[in-house]
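J.: Structure provided below as structure tokens; questions to follow.
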Amino acid sequence: MASHRKPRPAGTRGAGLRTPVLATAALTSVAVLSQTADAAPPADGKPSLEEVEKKVDDLYRQAESATEKYNAAKEQTGKQRNHIDSLREEVARRTARLNKAREELGSFAAAQYRTGAGTPDTATFLLADSPQDYFDESQLMNRLTSRQKSAVDDYVTEQAATMKKRQEAAKSLQTLSESQNELQTAKATVQKKLASARTLLSQLTAEEKARLAAIERQKQEEAARKAAELAKQQAAEAQAQAQQDSGSSSGGSSTSSGTYATKAEKAISFARAQIGKPYVWGATGPGSYDCSGLTQAAWKAAGVTLPRTTYDQVDVGTTVSLADAKPGDLIFFYDDISHVGIYIGNGMMIHAPKPGAYVREESIYYAGESIIHSVVRPA
């Protein structure tokens, strides 16, 4: 989306996210979720519960992806509106100056006519929209005083500048119209995906909903187990690093690390205070958030300005491996980078998960290891 996005280092996913200790962890999740998948398909032709679950999850994810597109279009539309307002103000100022220059030329032309120095035809062209050609052809400039020549120059210059700004404003209005269309398209996509998900869920029986909840609990238990493994790995690496640092002088590094830790603590404290508030697509607080709205607000509380969308937030700061993730880092998900959470340590994060859910602490493996895209240290 953004032309300023810096290229992603080759092998980020392989080197940064697929650590050996977790390489086989996903197999357990597959086994758990496949226990009922091997059953014979329903005789009535209805989709299986697993198929409904996958479809609903896909719809929510598509809605979240569309939300980030909506956020980007909304941000762009706002910038364009501000630019157009600025152009309109400038056009108004230049038009006022143009009218003043026109009046001054008119007074000179009237004076020339009264004294016989000019003709009615001369006055007519002096008051025209484009008098410069007439001045050149009639050599009228040779008969004007220096003050009159200055007034003519000011008029012609102001006229050209005003015309240019008017054209720029017209072009910006066209661009704004296109952005508004993109905004409405993204909004309609979000609403359509959410409506489809609600429809699917409403068709489930009470028993099916209970089974679906049980599957979700199994997924969360597996995610918690993987988070514990990561926490154990990171603790061991931190201990080894501390021992290495104790044998060398690294005062500058410690100061830098301490500064980041202080900011990260403020960001996490803010995010934790939002737990329980609803996910609302396009929301930036204070009563509700979407995923990137939460991360932006949290780091703003720490004095760090992040862009609005996940697409841009992923390019701010330094990419690190998952094994090196520190509290405060941003964890991005999916190949289209449509979800983000704030890492709080021990394999856990705070995030605004999806429509219908609330800001919460959750394992970074909440939907499996394969969806983790990258980790970014924003400050």
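The values are calculated or read from the model by the stated rules, or taken from the named source; none is laboratory data. Predicted model, so just to flag it, every value in this text is computed and none were measured. Neighbour counts are summed over all protein chains in view; Cβ atoms, including those assigned to glycine, are modelled from backbone coordinates with ideal geometry. The accessibility values were calculated without ligands, DNA or RNA, using every heavy atom of the protein model including side chains. Shrake-Rupley method; radii C 1.70, N 1.55, O 1.52, S 1.80 Å.
J.: What is the gain in length, in nm to one decimal, between Gln184 and Glu265 on full extension, counting 0.36 nm per residue of separation less the C-alpha to C-alpha distance?
T.: Using 0.36 nm per residue and subtracting the Cα-Cα distance, I get 25.4 nm.
J.: For Phe270, Phe333, what's the largest-to-smallest order of accessible area, 1.4 Å probe?
T.: Putting Phe270, Phe333 in descending order of accessible area: Phe270, Phe333.
J.: Next question. For Lys354, which sequence-distant residues (separation of 5 or more, or a different chain) have an amide H within less than 5 Å of its own amide H, given hydrogens modelled in the peptide plane?
T.: Close amide H contacts, sequence-distant or interchain: none at all.
J.: In Å, what Rg and Dmax follow from the Cα atoms of segment 259-334?
T.: Computed over the Cα atoms of segment 259-334, radius of gyration and Dmax are 12.1, 33 Å.
J.: Moving on to the next point. If you wrap a convex hull around the Cα atoms of segment 150-249, how much volume per residue is inside, in Å³?
T.: So the per-residue Cα hull volume is 203 Å³.
J.: Take Arg166 and Glu89, extend 7 Å from each Cα along the Cα→Cβ direction, and tell me the distance between the two endpoints in nm.
T.: Going by the 7 Å Cα→Cβ label model, 2.2 nm.
J.: Give me the number: length gained by fully extending Lys46 to Gln220, i.e. 0.36 nm times residue separation minus the C-alpha to C-alpha distance, one decimal in nm.
T.: In short, 60.0 nm is gained.
J.: Further question: Considering only Cα-Cα distances, which of the following residue pairs are longer than 24 Å: Lys69/Lys266; Lys54/Lys226; Lys55/Lys354; Lys79/Lys165; Lys100/Lys171; Lys74/Lys171?
T.: With Cα atoms farther than 24 Å apart: Lys69/Lys266; Lys100/Lys171.
J.: Sticking with this one: Would you mind computing the Rg to Rh ratio of segment 315-379 from its alpha-carbon coordinates, Kirkwood style for Rh?
T.: Reported Rg/Rh, Kirkwood definition of Rh: 0.93.
J.: A further question follows. Could you tell me the accessible area of Asp245 in Å² (1.4 Å probe, neighbours in place), rounded to the nearest ten?
T.: 60 Å²
J.: Can you give me the pair-distance distribution of segment 230-379, C-alpha pairs, 10 Å bins, whole percents?
T.: The calculated distribution, bin by bin, is 12, 42, 33, 11, 2, 0.
J.: So how much accessible area does Asp154 have, in Å² to the nearest 10, using a 1.4 Å probe?
T.: For Asp154, the solvent-accessible surface is approximately 90 Å².
J.: Per residue, how many Å² of accessible area does segment 333-379 show with a 1.4 Å probe?
T.: 27 Å²
J.: Still on this structure, I have one more. Could you give me the ³J(HN,Hα) list for segment 267-274, computed from phi with Karplus coefficients 6.51, -1.76, 1.60 and θ = phi - 60°, whole Hz, x at Gly and Pro?
T.: 5, 5, 4, 5, 4, 5, 5, 8
J.: Given H placed 1.01 Å from N in the peptide plane, which residues other than close sequence neighbours of Val280 have an amide H under 5 Å from its amide H?
T.: Excluding prolines and chain starts, which carry no amide H, the hits are Tyr289, Asp290.
J.: Among residues other than Lys100 whose Cβ falls under 10 Å from its Cβ, what is the net charge (Lys/Arg +1, Asp/Glu -1)?
T.: -2
J.: With 15 Å as the cut-off, how large is the P(r) tail for segment 48-107, expressed as percent of Cα-Cα pairs?
T.: 72 percent
J.: Please report, as a whole percent, how much of the solvent-accessible surface of segment 293-379 comes from carbon and sulfur atoms (probe radius 1.4 Å).
T.: Summing carbon and sulfur atoms, their accessible area is 49 percent of the total for segment 293-379.
J.: Quick one: 3J(HN,Hα) in Hz for segment 61-77, Karplus 6.51/-1.76/1.60 with θ = phi - 60°, rounded, Gly and Pro as x.
T.: With coefficients 6.51, -1.76 and 1.60, one gets 5, 5, 5, 5, 4, 5, 4, 5, 5, 4, 4, 5, 5, 5, 5, 5, 4 Hz.
J.: Would you work out the charge dipole size for segment 282-379 about its Cα centre, treating the Cβ of every Lys and Arg as +1 and the Cβ of every Asp and Glu as -1, and quote it to the nearest 20 debye?
T.: That gives a dipole near 300 debye.
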